[in-house]
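Coordinate-derived values only; no laboratory data. Just so it is clear, the structure is predicted and the values come from calculations on it, not from any experiment. Don't worry about glycine lacking a Cβ; one is built from the backbone with ideal geometry, like all the others, and counts go over all protein chains shown.
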Amino acid sequence: MRRIFIAGISGSIGQSTLSSLKHLQGLAKSSGLGKTAIKKRAAEYSLVGAALHSNWQFLLQICQEHPLESVAIADDSARQAFLQHPDKPKHILVFSQADRALSAIPCDVFVNALSGSAGLASSLLALKHAIPMLLANKESVVIGGHLMRQALTRSESRGLCFEKKQAKTAKKTATEGLGNIENQESTPRLPAVLPLDSEHAAIFSLLENKDQETINKLILTASGGPFFKRHQQNPSIEETLAHPNWKMGKKISVDSATMMNKGLEVIEAHVLFDFSYDKIDVVIHPEQAIHSLIEMKDGMCYAELGMTDMRYPIQRALTYPLRFHSSYKPFSLTSQRNLSFYECPLKQYPLFTTALNVAKMNNPAALVVMNAANQQAIELFLSRKVSFHDIPTLVEKTLAEFSFSQNSAASLDGVLALTHQTEIWLAQRYKESC
C-alpha cells in the first residue's frame with residue numbers, strides 16, 4: 001500500500017494529482033486487466049492526508065471520496081468552519097500547518113504542491129524521515145536547497161534525486177527480470193525526490209541509468225511566456241496570466257511571463273541533479289513539445305517529448321518505476337508542424353539574468369531575499385498596485401538595498417524569518433513611494 005499525502009491539494013498540481021489517483025483507482029477496478037500486476041499495483045494507492053490554504057468545502061468533498069486521516073488548513077476561519085461542520089469525519093486530525101499534519105500519520109509518499117516558501121518545512125520533514133517526495137514546490141528548493149541536502153538521510157546521493165550507485169543497481173535488477181512488470185510484485189524503493197515540474201521530470205527520466213560523467217549538459221526548454229516575440233508596453237493582469245501552453249496558478253503564470261520561473265528552474269536543476277550552473281542551459285521553445293534535453297559528451301542529444309498536461313509527469317512519479325496505462329491524450333508527432341528554438345533574449349527577461357547571477361553567488365541568504373522580493377512584487381502586481389514591468393525593478397532594488405547577513409539562512413527558522421523580513425521591507429518601501 002502506498003499511503004499518499006498531498007499538500008496544496010486545491011491548487012492546479014494538487015487537483016491534477018487527484019485526477020491521476022482517480023485514474024489509477026479506475027485501473028484497479030478494470031475488468032479488462034484481469035489479475036495483472038498493473039491492476040494489483042493500481043489498487044495500492046490510498047490518499048490519507050491533505051493540506052490547503054482555505055478551501056475547506058473542497059476538503060470536505062475529498063473526505064467523502066478518500067479515507068483522509070490528517071489534514072491541514074492554514075486559514076484560521078476556514079479551519080474553524082471545517083471543524084464545526086457536521087459532515088466532518090470524527091476521526092480526522094486537523095492542523096494549521098502541513099508539516100504537522102504530515103508528521104501525525106504514517107505516510108509512504110508526500111506530494112508537495114504548495115506554493116512559495118510555505119513548502120520548505122514540509123520538504124525538510126519528508127527528507128528527514130525518508131518519506132519519498134513528489135516535488136512541485138520549486139521555491140523550497142531555491143531557498144532551502146542547502147538545508148534539503150543536509151536533511152537528506154541517504155549518504156550516497158547524487159543531488160536529491162539519484163543515488164550514486166543507481167546505475168549499477170539498475171543493471172543488476174534488469175538482469176533479474178525486474179524490468180518485466182509481471183515480476184514486479186514488491187514495492188520498489190523510491191528516490192528521495194521525484195520532480196513533478198515537466199522540465200525536471202523529463203531530465204529525471206533522461207538521466208536514469210546514465211553515468212553523469214558521460215553527460216555534457218542539461219538543457220531546459222522555456223515557452224517564453226505570453227509576451228515572447230510580442231513585447232507589451234503595459235500588459236494587464238489578464239494578459240500576463242494567459243499562458244500560451246499551460247494552465248497554471250497565478251503566481252507561476254506571472255513567473256513564466258517574467259522568465260523568473262525558468263531562473264528558479266535552473267537553480268532547482270542544480271540542486272536536484274548536482275550539475276554545475278555552467279552545465280545547465282535554457283532555450284526558448286514556444287511549442288513546448290520537448291520538455292527538456294540532455295547533451296552527451298559525444299555531442300548527441302536525448303529529448304523527452306510529450307503533451308503539455310501535468311498529469312503525465314504526475315502519474316509517472318506516482319507509479320515509478322513502472323509505467324501504467326494512461327487515459328490522457330497521447331502525444332502525436334504528426335500534429336507537430338513546427339519545432340522551433342531560440343536563444344533567450346536576456347534584455348526582454350531581466351529577472352532571468354538576475355536569478356542566474358544570484359544563484360552563482362553561492363549565498364543561500366541572497367536566494368531567499370530574491371525569492372521573497374519576487375513573491376511580494378507579484379502580490380503587488382496582482383493587487384494592481386504596480387505594473388508588470390515594475391516587478392524586476394522591485395526585485396533588483398531589494399537585492400541592492402535590503403541589508404542581510406550571509407548566515408541568516410543557516411536554518412529553517414532563519415530562512416522563514418528572512419523571507420518575512422524581506423516581504424515586510426519591500427511592502428514598506430512601496431508604501432513610502434506612494
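In whole Hz and in residue order, list the ³J(HN,Hα) couplings for region 106-116 that follow from phi through the Karplus curve 6.51 cos²θ - 1.76 cosθ + 1.60, θ = phi - 60°; x for Gly and Pro.
Per-residue couplings from phi come out as x, 8, 9, 9, 10, 9, 9, 10, 5, 9, x Hz.
What spacing in nm lies between the two simple spin-label points modelled at ALA74 and ALA417, each 7 Å away from Cα in the Cβ direction?
2.1 nm
Under a crude label model (7 Å from the Cα following the beta-carbon direction), how far is SER433 from LYS279 in nanometres?
For SER433 paired with LYS279, the spin-label model returns 4.0 nm.
Using only Cα atoms, locate the centre of region 244-310 and the centre of region 57-118, then give the distance between them in Å, rounded to an integer.
32 Å
Over region 361-434, what portion of Cα pair distances is larger than 15 Å, expressed as a whole percent?
Numbers: 1330 of 2701 pairs.
Percentage above 15 Å: 49.
Given R₀ = 35 Å, FRET efficiency for ILE424-ARG230 by Cβ-Cβ distance, to 0.05? Don't skip to the end; give the middle numbers.
Numbers: r = 36 Å, r/R0 = 1.03.
Efficiency computed from Cβ-Cβ geometry: 0.45.
Only helical DSSP H runs with n ≥ 4 go in: add -39500 (n - 2.57) per run for the chain, normalise by residue count and round the 222 nm mean residue ellipticity to 500 deg cm²/dmol. Walk me through the intermediate numbers first.
On the way: 17 runs with 192 residues, N = 434.
So the helix-based figure for the chain works out to -13500 deg cm²/dmol.
Starting from the eigenvalues of the Cα gyration tensor, five times each then square-rooted, give me the equivalent ellipsoid semi-axes of region 255-371, largest first, whole Å.
The three semi-axes for region 255-371 are 28, 18, 15 Å.
Considering region 2-140, what Rg and Dmax in Å follow from its alpha-carbon atoms?
15.0, 48
Computed FRET efficiency, Cβ-Cβ of GLU401 and SER332, R0 45 Å: what is it to the nearest 0.05? Write out the running numbers ahead of the final one.
Working: r = 51 Å, r/R0 = 1.13.
The calculated FRET efficiency here is 0.30.
Just grab the label-to-label distance for ARG149 and ARG189, each label 7 Å out from Cα along the Cβ direction, in nm (one decimal).
Roughly 2.2 nm, to one decimal.
Among the listed pairs LYS40/LYS88; LYS262/LYS385; LYS29/LYS128; LYS40/LYS217; LYS22/LYS229, give every one whose C-alpha distance is greater than 28 Å. Walk me through the numbers on the way to the answer.
On the way: LYS40/LYS88 31 Å; LYS262/LYS385 25 Å; LYS29/LYS128 35 Å; LYS40/LYS217 39 Å; LYS22/LYS229 39 Å.
With Cα atoms farther than 28 Å apart: LYS40/LYS88; LYS29/LYS128; LYS40/LYS217; LYS22/LYS229.
How far, in nm, would the chain grow between TYR342 and GLN61 when pulled straight, counting 0.36 nm per residue and subtracting the alpha carbon separation? Kindly include the intermediate steps, with their values, before the conclusion.
Numbers: separation 281, 0.36 × 281 = 101.16 nm, distance 4.51 nm.
Here the answer is 96.7 nm.
Can you tell me the mean projection area, over all orientations, of the convex hull of the chain's alpha carbons? Units nm², please. Walk me through the numbers on the way to the answer.
Numbers: hull surface 88.5 nm².
Result: a mean projected hull area of 22.1 nm².
Using DSSP, restrict attention to beta bridges with both residues in the chain and report what percent are antiparallel, rounded to the nearest 5.
Expressed as a percentage, antiparallel bridges in the chain total about 30.
Grab the Cα-Cα distance for LYS250 and ALA28, subtract it from 0.36 nm times how many residues apart they are, and report the gain in nm with one decimal. The partial results should precede the final answer.
Working: separation 222, 0.36 × 222 = 79.92 nm, distance 3.48 nm.
Full extension from LYS250 to ALA28 adds 76.4 nm.
Ordered by packing density, taken as the mean number of other Cβ atoms within 10 Å over each peptide's residues, highest first, how do 310-316, 83-89 rank?
Working: 310-316: 24.1, 83-89: 10.7.
My ranking of the peptides, most packed first, is 310-316, 83-89.
If exposed means no more than 10 neighbouring beta carbons inside 10 Å and the site is in a DSSP loop, what's the longest run of the chain without any exposed GluC sites (Glu not before Pro)? Could you put the intermediate results ahead of the total?
On the way: sites that count: GLU156, GLU176, GLU185, GLU343.
The segment 186-342 is the longest one with no such site.
Set the Förster distance to 35 Å, then compute FRET efficiency between LYS217 and ASP390 from the Cβ-Cβ distance, nearest 0.05. Could the numbers behind the result be given before it?
Values: r = 34 Å, r/R0 = 0.97.
Rounded to the nearest 0.05, the efficiency is 0.55.
Taking the Cα centre of region 361-434 as the origin, how large is its charge dipole in debye, to the nearest 20, when only Lys and Arg (+1) and Asp and Glu (-1) carry charge on their Cβ atoms? Walk me through the numbers on the way to the answer.
On the way: 5 positive and 7 negative charges, 35 e Å.
So the dipole magnitude of region 361-434 works out to roughly 160 debye.
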